[in-house]
């Protein structure tokens, strides 16, 4: 880690020198913008035949969030299932899809996937800190086919800071309750010729949502822009992330939750993450378009040591006895049951992931008569490798022991897409097609008494999309879109431990949208979308909790149908109320159910056709009220409401003693912000309160009860030069 940080520092030193020389001549012909890499460029947003939300840098800053979870909750259709309270492991579901580890969402950073293995293991056990970004795009329509492989729920793209002319310096220090503290600094420099760099770093710590938990996070990122020749631009990016957390996987039983909802009996559980990533992007301006080539890669090491659990079992002669089990093992459903730590066991789930790839994209615009055409095409070659290693120690703090898993998994994928858009008067039609071919290989090194056993398979898919927009007036756009949803299965779910191939089909669906974007009055913008996700095959976990025995299964047909609304109202323009602004989002999901002849995973003899899907709230509301009585003062309240949810496919209402089944009650959380802006000193002082009324609510039951984050208060100082 120190060697890499030193290398980054040396690179910054070299770039500073190069930027100060400024020997290249100024290009007076073209004006070059230096944005972050965005899924939808500025020229594409108004004509997009699908739902999207762009969280602008101003909006991003004004939310004063502690984690990206808070920002994503303001987006219609997006359900965030909190896990630790600081966004270290983000669980995102879109339009009723299961949120666990964000496995149904394609999450990008500057257009590059952040999943450990994007094709073979999409679970987000790592998530970048929010301080690194300045904006967020959420795309739920057919534009997903440009970015694959996942086109099921949506694309979330985090956009890193842009480069400003001259020098920029930004420093932020925040402290608060629950041992919270963070320090962030950004320094950048740009010459008149467009060359420049940005270097930012973060240190953050704090207690998580439960007792005996905490985290320390370090993050460093370097971005550099170079102009190798006229009409060309080169982006270089390096990122280093380091996390040490005291965090457990196990939840609470009902008795433990009633006793103390924030307790954590597994005090020796630790979580370590190291991630190194890089990106190189070359762009060429063409007379009627552009061409780019991007190379990318990442290495992630994730070690999670979990203390064993004692589980009560009945012997053949009818006696009860406690046996050692996995940390997330079901303790049973006897009244008053508790999750009890095992003092003589710890399991080290040690994971390493590598991926690298290259992608080329070509954009061409041309005209035939009164028709304007935009043609975009691209190719991707992507490779990845996973090493999953598990050690069982003989004490709660042991870190060596018996090897119980040694698995290697590989994926090699090739993808291609083409998208054409034709514009005629008030109409535009967009047709897209993506093709993916994926090869999987797996080696179980412990099989056959250490000789090992391997297996391999492959799959391919064609993913079409079509969209139509009609703009009768500048302020009104009607849109319609349909696209195929596709998500590849994990490597371990198509090739078993014995090398056999499991007939697990890719996840497929047809996704429909119909909506309107409007600016009916000065100061008022809105987007209303109706949607339908019709799954031919949705893949769900066959067990309630993850682990070495966790697999996925073909779940068959499901149906998701609802309405989303996003409104941004400036009351000063509308009603003459100075400095008042209201930003709201709403999601109504009346239909999220099992279709076809369906039977429960928990009770295979019970038919669940028509039951509601787990963790799919019927409604979600987000309302932000801002008031700026003076230019130097901002008062803000953010209210988030989430409807009731079921934790299992049986739609169990009463909680079970183990805490893993039962209804999740609706809840409302209120956050408040006061910001003083001292412009003469370029200084901001920010006071925030999260969960202002200290609402106690349950966010998850899949491995026991997990509570939401209790009330916290932070005071921060921001200085920008």
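If you check 240, 284 for being touching a residue at least 24 places away in the same chain (Cβ under 8 Å), closer than 30 Å to residue 354 by Cβ, over 24 Å from the mean Cα position of the chain (by Cα) and assigned to a strand (DSSP E or B), only one passes: 284. One residue is enough: does region 693-703 have a residue meeting the conditions surrounded by 17 or more Cβ atoms within 10 Å (Cβ to Cβ), at pLDDT below 95 and farther than 28 Å from residue 586 by Cα? Looking through region 693-703, at least one residue is surrounded by 17 or more Cβ atoms within 10 Å (Cβ to Cβ), at pLDDT below 95 and farther than 28 Å from residue 586 by Cα. Annotation: residue 318 fulfils all but one of (1) under 30 Å from residue 496 (Cβ atoms); (2) surrounded by fewer than 18 Cβ atoms within 10 Å (Cβ to Cβ); (3) over 31 Å from the mean Cα position of the chain (by Cα); the unmet one is (1).
Residue count for region 307-364, restricted to those that are over 25 Å from residue 213 (Cβ atoms) and modelled with pLDDT of 95 or more: 11. Only one of (1) part of a strand (DSSP E or B); (2) over 26 Å from the mean Cα position of the chain (by Cα) is not met by residue 650, so which one is it? Going through (1) part of a strand (DSSP E or B); (2) over 26 Å from the mean Cα position of the chain (by Cα) one by one, residue 650 breaks only (1).
Within region 639-646, can one find any residue that is at pLDDT 95 or above and in contact with a helix residue (DSSP H, G or I) (Cβ under 6 Å, 6 or more places away or on another chain)? No. Please tell me if residue 592 is surrounded by 18 or more Cβ atoms within 10 Å (Cβ to Cβ), at pLDDT 95 or above, touching a strand residue (DSSP E or B) at 6+ places or on another chain (Cβ under 8 Å) and not in a strand (DSSP E or B). No; evaluated as a whole, the condition is false for this residue.
The residue that is farthest from residue 584 (Cα to Cα), counting only those in region 606-620 that are touching a residue at least 24 places away in the same chain (Cβ under 8 Å) and assigned to a strand (DSSP E or B), is 612. Within the set 477, 430, 457, the sole residue that is free of Cβ contacts under 8 Å to residues at least 60 places away in the same chain, assigned to a strand (DSSP E or B) and over 26 Å from the mean Cα position of the chain (by Cα) turns out to be 457.
Restricting 257, 291 to residues that are touching a strand residue (DSSP E or B) at 6+ places or on another chain (Cβ under 9 Å) and under 28 Å from residue 356 (Cα atoms) narrows the list to 291.
Can you confirm whether region 219-226 contains a residue that is assigned to a loop (DSSP other than H, G, I, E, B) and under 27 Å from residue 719 (Cα atoms)? No - not one qualifying residue is present in region 219-226.
Of the strands (runs of 3 or more DSSP E) lying entirely inside region 142-192, those containing at least 1 residues that are surrounded by fewer than 19 Cβ atoms within 10 Å (Cβ to Cβ) and at pLDDT 90 or above are 166-176, 181-190. For the criterion of being within 32 Å of the chain's Cα centre (by Cα), surrounded by 16 or more Cβ atoms within 10 Å (Cβ to Cβ) and free of Cβ contacts under 8 Å to residues at least 24 places away in the same chain, residue 325 passes. Scanning region 37-91 for residues that are assigned to a strand (DSSP E or B), more than 17 Å from residue 133 (Cα to Cα) and modelled with pLDDT under 95 yields a count of 1. Pick from 523, 467: which is touching a strand residue (DSSP E or B) at 6+ places or on another chain (Cβ under 6 Å), over 15 Å from residue 149 (Cβ atoms) and crowded, with 22+ Cβ neighbours inside 10 Å? One residue alone meets the criteria, 467.
Do you know which of the residues in region 489-516 that are touching a helix residue (DSSP H, G or I) at 6+ places or on another chain (Cβ under 9 Å) and buried (at least 16 other Cβ atoms within 10 Å of the Cβ) is modelled with the lowest pLDDT? Checked region 489-516; the qualifying residue modelled with the lowest pLDDT is 504.
For region 471-485, the set of residues classified as surrounded by 16 or more Cβ atoms within 10 Å (Cβ to Cβ) and farther than 15 Å from residue 533 by Cα consists of 471, 477, 478, 479, listed by residue number. Report yes if residue 101 is under 26 Å from residue 304 (Cβ atoms), surrounded by 21 or more Cβ atoms within 10 Å (Cβ to Cβ), at pLDDT 55 or above and out of contact with any helix residue (DSSP H, G or I) (no Cβ under 9 Å at 6 or more places or on another chain), otherwise no. The answer is yes for residue 101.
Residues satisfying the criterion are present in region 432-451 (criterion: buried (at least 16 other Cβ atoms within 10 Å of the Cβ), over 23 Å from residue 296 (Cβ atoms) and at pLDDT 95 or above). When restricted to residues that are surrounded by fewer than 18 Cβ atoms within 10 Å (Cβ to Cβ) and closer than 30 Å to residue 535 by Cβ, region 564-584 contains 2.
Okay, residues lined up against (1) assigned to a helix (DSSP H, G or I); (2) free of Cβ contacts under 8 Å to residues at least 12 places away in the same chain; (3) surrounded by fewer than 18 Cβ atoms within 10 Å (Cβ to Cβ):
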{"residue": "622", "(1), (2), (3)": "no, no, no"}
{"residue": "641", "(1), (2), (3)": "no, no, yes"}
{"residue": "659", "(1), (2), (3)": "no, no, no"}
{"residue": "680", "(1), (2), (3)": "yes, yes, yes"}
{"residue": "687", "(1), (2), (3)": "no, no, yes"}
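Taking residue 310 as the residue in question, decide whether it is over 27 Å from residue 144 (Cα atoms), touching a strand residue (DSSP E or B) at 6+ places or on another chain (Cβ under 7 Å), free of Cβ contacts under 8 Å to residues at least 40 places away in the same chain and surrounded by 15 or more Cβ atoms within 10 Å (Cβ to Cβ). Considered against the rule, which asks whether it is over 27 Å from residue 144 (Cα atoms), touching a strand residue (DSSP E or B) at 6+ places or on another chain (Cβ under 7 Å), free of Cβ contacts under 8 Å to residues at least 40 places away in the same chain and surrounded by 15 or more Cβ atoms within 10 Å (Cβ to Cβ), residue 310 comes out as yes.
The values are calculated or read from the model by the stated rules, or taken from the named source; none is laboratory data. Predicted model, so just to flag it, every value in this text is computed and none were measured. Note: ideal-geometry Cβ built from the backbone for every residue, glycine included; neighbour counts use all protein chains shown.
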